[in-house]
């Protein structure tokens, strides 16, 4: 399995707009993408008062993820206008087994937002 961890810096003024853009209603198209398994995320408040959004997505394999990135990601991302809500973004990809994927989706330091969760249809 391939895990994609996305860490986004969001200032307080854009937190609500980011949350709406990250919602299942905006990213729900993922549920029909071949090779996609699940995406979940939430907030971690930083000491300086800014917000950090952490989103983890799980893919069957790298080929499915690469196909999505090359053919579908930018259409969704640009349509919802999420880029304007970010002050920074970092992305990391990691290969794990099924047990490792489950652990990554249960980070106790994050206040998960139920509306951000997308699962395979």
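The values are calculated or read from the model by the stated rules, or taken from the named source; none is laboratory data. Model, not experiment: these values are computed from the prediction. Ideal geometry is used to build each Cβ from the backbone, glycine not excepted, and the neighbour counts take in all protein chains shown.
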### Task
Collect the residues in region 85-105 that are over 18 Å from residue 59 (Cβ atoms) and at pLDDT below 90, keeping them in residue-number order.
none
### Query
How many residues does region 45-82 contain that are over 13 Å from the mean Cα position of the chain (by Cα), within 21 Å of residue 17 (Cα to Cα) and part of a helix (DSSP H, G or I)?
5
